[in-house]
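The values are calculated or read from the model by the stated rules, or taken from the named source; none is laboratory data. On a predicted model such as this, the values are computed, not experimentally measured, just so you know. No Cβ is skipped: glycine too gets one built from the backbone with ideal geometry, and neighbour counts run over all protein chains shown.
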């Protein structure tokens with residue numbers, strides 16, 4: 001398995017065992033140790049690589065321990081503090097990491113609850129751990145843009161200088177993305193004023209500001225939707241069927257004594273294009289084949305009935321996206337529009353793995 005697949009396997013395991021993770025030790029054994037061993041590639045049973053309950057005397061805290069230290073060439077490289085699954089991580093959980101950072105050679109620290117991994121370094125002041133992480137990996141909501149950076153922490157790829165040099169940009173990039181996300185959900189007054197002052201020539205009275213709060217929120221949502229549509233058009237621009245690659249089938253199918261023509265709707269074509277835009281991350285688009293029937297619009301891998309990817313049920317007022325599991329059982333999910341298919345990107349990408 002490649003790196004992203006190893007992360008996916010651990011991610012899918014979380015909901016299966018979540019109810020059993022009632023203690024910190026259970027979290028370590030069920031989630032963190034597999035992350036350390038299977039994902040990052042460290043030998044958790046080799047004390048020259050992984051030291052549990054690492055001790056280094058700190059001022060006024062003699063004998064205090066951190067949960068783990070990762071060692072390379074005899075030097076401490078990463079300090080790790082692990083909390084119970086689902087416990088909200090905050091800076092108060094990192095007090096031991098702060099102290100240890102100043103008395104060891106470690107340049108990196110990890111604070112985790114088994115699913116969320118916060119990565120710290122010393123960008124703001126040498127040998128002093130920053131108060132904000134430069135990278136946050138959430139195994140329950142994986143941001144694939146972060147995967148190459150996390151991969152740098154694996155045993156075979158570990159290069160502390162490369163990681164730290166990239167940390168500055170990652171730290172501020174993630175913070176700006178978080179701020180933008182918050183403003184999209186609920187724009188702050190200062191953010192609203194910024195746009196209103198440029199779009200409105202009159203006096204910004206309380207009534208006008210209230211109006212612009214609603215307008216700004218609506219504009220942000222429309223801008224996001226427009227951006228998604230533009231990306232989709234760009235992704236599928238050259239993927240239209242040709243004589244050599246006819247993905248859409250609009251041919252008669254037998255029914256009783258006659259052949260009834262199946263009509264492929266524009267919405268089904270749009271839905272099929274969305275599926276292709278999502279799955280092209282893992283497979284060539286010419287392997288994604290559509291078969292329209294009277295009851296549903298089927299999408300297959302390699303035009304093989306034994307490799308269903310999903311089904312579009314668009315023939316009734318309520319639309320459904322049918323996702324298949326590893327046993328080829330279909331589960332229908334109601335959707336309001338074709339764009340809602342993007343919300344199921346991870347499940348669709350996982351389906352491909354069943355056949356590869």
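Tell me yes or no: at least one residue of region 158-168 is in the same structural domain as residue 100 (by TED's automatic domain parsing), under 21 Å from residue 91 (Cα atoms) and within 20 Å of the chain's Cα centre (by Cα).
Residues of region 158-168 that are in the same structural domain as residue 100 (by TED's automatic domain parsing), as a first pass: 158-168.
Those left that are additionally under 21 Å from residue 91 (Cα atoms): 164, 167-168.
Those left that are additionally within 20 Å of the chain's Cα centre (by Cα): 167.
Yes, the conditions are met somewhere in region 158-168.
Among what's in region 322-344 and is in contact with a helix residue (DSSP H, G or I) (Cβ under 6 Å, 6 or more places away or on another chain) and closer than 13 Å to residue 272 by Cα, pick the residue that is modelled with the highest pLDDT. Among those residues, the one meeting the criterion is 341.
Looking across region 150-185, the residues that are part of a loop (DSSP other than H, G, I, E, B) and modelled with pLDDT of 85 or more come down to 152, 153, 154, 155, 156, 157, 158.
Selection of region 303-315 for residues being over 27 Å from the mean Cα position of the chain (by Cα) and either farther than 18 Å from residue 333 by Cα or modelled with pLDDT under 90 (or both) yields 303, 304, 305, 306, 315.
On the given criteria, is residue 117 in contact (Cβ under 8 Å) with a residue 24 or more places away in the chain and assigned to a helix (DSSP H, G or I)? No: the conditions fail for residue 117.
Residue-wise test of (1) out of contact with any strand residue (DSSP E or B) (no Cβ under 9 Å at 6 or more places or on another chain); (2) buried (at least 16 other Cβ atoms within 10 Å of the Cβ); (3) within 23 Å of residue 50 (Cβ to Cβ).
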{"residue": "94", "(1), (2), (3)": "no, yes, yes"}
{"residue": "133", "(1), (2), (3)": "no, yes, yes"}
{"residue": "143", "(1), (2), (3)": "no, no, no"}
{"residue": "157", "(1), (2), (3)": "yes, no, yes"}
